[in-house]
Amino acid sequence: MSDAYLIYLMAGKGDRINNELPKQFIKIHNRDLFLNALDTLYKTKNFKKIIIVTLIEYIDYVESVLSNLYKNNNFLIINGASTREGSVFNALNFLNNNFKINENDKIMIHDACRPLINPSIINETLNYEDKYLASTVYTKSVNSLALIDKNSFLNKYIDREKVINIETPQCINFSLLYNSHLKAIESKKIHTDDISILEIDLKKVKLIKGNFFNFKVTNFEDLLVFEKLTKL
C-alpha cells in the first residue's frame, strides 16, 4: 500500500504583487493567505506528512502560526530555493533523506497561492488510476489566444480548443518525480511545473477538470477577488 505526501509551496517572494510582504503572508480577513489551501488539504487527512516549503526568514513565523492552530499536526517546514523547481527538489530530497519512501508512494504538489482548492478535486487528483503515472488539474481557456513576435505584434491565433491551463494540485509517483528532477538538474532546463519535468508519454498523465475558483493569486486584483469571494 502506498502513502501520500504533500509538498506545499510557499517560498515565492511575490514581486509581481508589489507589496512589502510576500503574498502568501498577506492577511485577508485577519488570516494569512497561505492558511486557506493548507487547511483544506490538511483536513482531507490524505497525507502522511505535509512538507511546507517557505522562505528561510519566515520559517519561525510559520512554525509559530501552525503550532497555535493545529495540535499534533504532521507539518514539516523547510527552506525553499530561488526557483519553484528548486523548492520542489529541496522537499523531495528532504523526504528521501528522512523517511522510508516506497517507490510507489505519491507526491502531491500544491501552490499556497491557489487558496480556494476544493476537497473533491484534491481527492480526485490523488486517486488517479494505476494506468496513469501522474495527474494534474486543468481548466479550459475561455479567452482568444494568439502568438506574438519578438516586437509584441500579433503573429497568429491559436485554436483554444487545443489549449488548456495547467494548474495545481498535481500528483506524481515519487520515484518518477525524483529521478526526473535529477535529470533536469543535469540538463539545466527550466520548468514551470512538475508535469513538464517528467520524461514520460504525456498520455500517461490523467487530466482532472478544475474550476474558476482554483485561480492563482498573482497580482493585487487577484487578492481583491479572493477577498470578495471569501466574504460571501
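The residue list 119, 107, 137 was ranked by how far each Cα lies along the charge dipole of the stretch 101-164 toward its positive end, using unit charges on Cβ atoms, and 137 comes out on top.
Percent of Cα-Cα pairs more than 20 Å apart in the stretch 37-164, please.
Summing the P(r) of the stretch 37-164 above 20 Å gives 60 percent of all pairs.
A simple charge model with +1 on the Cβ of Lys and Arg, -1 on the Cβ of Asp and Glu and nothing else charged puts the dipole of the chain at about 360 debye relative to its Cα centre.
Ranking 163, 185, 230 by Cα position along the charge dipole of the stretch 152-232, where only Lys, Arg, Asp and Glu carry charges on their C-beta atoms, puts 163 farthest toward the positive end. Solvent-free Debye calculation, one equal scatterer per alpha-carbon of the chain: log10 I(q)/I(0) at 0.14 Å⁻¹ equals -0.95. Peptide packing for 199-206, 104-111, 173-180 was compared via the average number of neighbouring C-beta atoms within 10 Å per residue; ordered from the highest value, the list is 104-111, 173-180, 199-206. Shape class for the stretch 51-93, computed from the alpha carbon gyration tensor (a ≥ b ≥ c): oblate, with a/c not under 1.5 and a/b at or below b/c. The helix-based estimate of mean residue ellipticity at 222 nm for the chain, built from -39,500 (n - 2.57) per DSSP H run of four or more residues and divided by its residue count, is -9000 deg cm²/dmol to the nearest 500. Close amide H partners of residue 4, meaning residues 5 or more places away or on another chain with modelled amide H under 5 Å apart, are 48, 106.
Going by the alpha-carbon gyration tensor, a ≥ b ≥ c the square roots of its eigenvalues, is the stretch 133-208 rounded (a/c under 1.5) or, if a/c is not under 1.5, prolate (a/b greater than b/c) versus oblate? The partial results should precede the final answer.
On the way: a/c = 3.08, a/b = 1.56, b/c = 1.98.
Oblate.
In the chain, what percentage of the DSSP-assigned beta bridges are antiparallel, given to the nearest 5? Write down the numbers at each step before the final one.
Details: 16 of 38 bridges.
Beta bridges within the chain, antiparallel portion: roughly 40 percent.
Once C-alpha pairs closer than 8 Å and six or more residues apart are averaged by separation and normalised to the residue number of the chain, the relative contact order reads 24 percent.
Values quoted throughout were computed directly from the atomic coordinates according to the rules given, and no laboratory measurement underlies them. Everything quoted here is computed from the prediction, not taken from an experiment. FYI the Cβ positions are ideal-geometry reconstructions off the backbone, even for glycines, and counts take in every protein chain you see.
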